[in-house]
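Reviewing the structure listed below.
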Amino acid sequence: MNKLLNKQMKLKIFIITVFSLSIVFSSCNKRIRYIYERDQPADTVYTYKVKSEPYRLKPNDVLHINILTTDENVNKLFQLDNSEKNSNSRNSGGGEFYLTGFTVNDTGYVQVPILGNIYAEDKTVADFRSDVTAKTHQFLNNAIVNVKLVSFKVSFLGEVTNQGPILIYQDNIDILQGISRAGGITDYGNMTNVTVVRQEEDKRLVYKLDLTQREILNSNKFYLYPDDIVIVEPIKAKVAQLNLRDYFFFFSTFSSAISTTVIVLNVFQKK
């Protein structure tokens with residue numbers, strides 16, 4: 001009886017030891033640097049040509065349009081500038097922009113007070129701003145027109161510090177900037193295996209990125225688009241660690257059940 005209990009105790013000690021060592025070794029894995037370059041001399045500069053394609057507007061995009069003149073009465077006539085609402089929208093994380101902004105409808109147009117319908121689909125933000133400016137100058141010569149895309153949202157999943165959607169208040173952003181907005185990659189994130197899911201019309205594109213290779217700087221895929229989903233996969237050490245935890249829990253439960261059964265049988269035998 002005592003020998004059986006001793007064997008069970010040794011088994012538990014062995015499992016706990018293996019589990020503890022696995023955690024120690026997995027936590028000692030070397031981190032891979034972003035855009036890694038081996039044996040790079042100090043104080044060197046590399047030049048990479050930017051290949052970002054400007055984002056083109058599509059239906060359901062939300063735009064913030066602001067037309068300003070020196071005449072307050074004219075500004076009220078256009079009813080496009082509301083500093084109080086804009087201040088509240090900054091404090092509420094941008095949600096107010098979706099209520100006060102202008103949406104590209106299913107036909108590709110944006111309906112603007114006084115100016116009427118202006119076509120926006122498949123145009124860049126800069127091109128659409130030029131069209132709004134030209135339309136505005138038909139009524140006002142010295143008006144200042146500002147157009148911003150406020151529906152630029154990117155979602156982050158997996159091994160990042162802050163998972164979930166992030167609003168981007170600029171016309172474009174690259175993958176490294178996006179990940180920094182999400183708090184960076186965790187210690188268990190695999191920088192060589194980052195997945196981006198992108199919707200284009202009636203299909204979804206899925207592609208992989210290796211953030212340790214500098215060639216990514218020359219790729220169009222280096223830049224994110226609105227509604228992209230970025231998934232940072234875990235390294236194999238974390239997957240193995242999670243599996244080991246499951247096995248440890250199973251063996252611990254199984255071992256405890258055997259010990260309890262042996263003790264109960266021993267009690268009944270003594271009786």
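The values are calculated or read from the model by the stated rules, or taken from the named source; none is laboratory data. In this text, all values refer to a predicted model and were calculated from it rather than measured experimentally. Every residue, glycine among them, receives a Cβ derived from its backbone with ideal geometry; neighbour counts consider all protein chains shown.
Are there any pairs, at least 6 apart or on different chains, whose C-beta atoms fall under 6 Å, with the first in the range 67-84 and closer than 19 Å to L99 by Cα and modelled with pLDDT of 80 or more and the second among the aromatic types (F, W, Y) and surrounded by 15 or more Cβ atoms within 10 Å (Cβ to Cβ), and if so, which?
These pairs meet every condition: I67/F78.
Go through the residues of the range 144-151 one by one and say whether even a single one is basic (K, R), assigned to a strand (DSSP E or B) and touching a residue at least 40 places away in the same chain (Cβ under 8 Å).
There is at least one residue in the range 144-151 that is basic (K, R), assigned to a strand (DSSP E or B) and touching a residue at least 40 places away in the same chain (Cβ under 8 Å).
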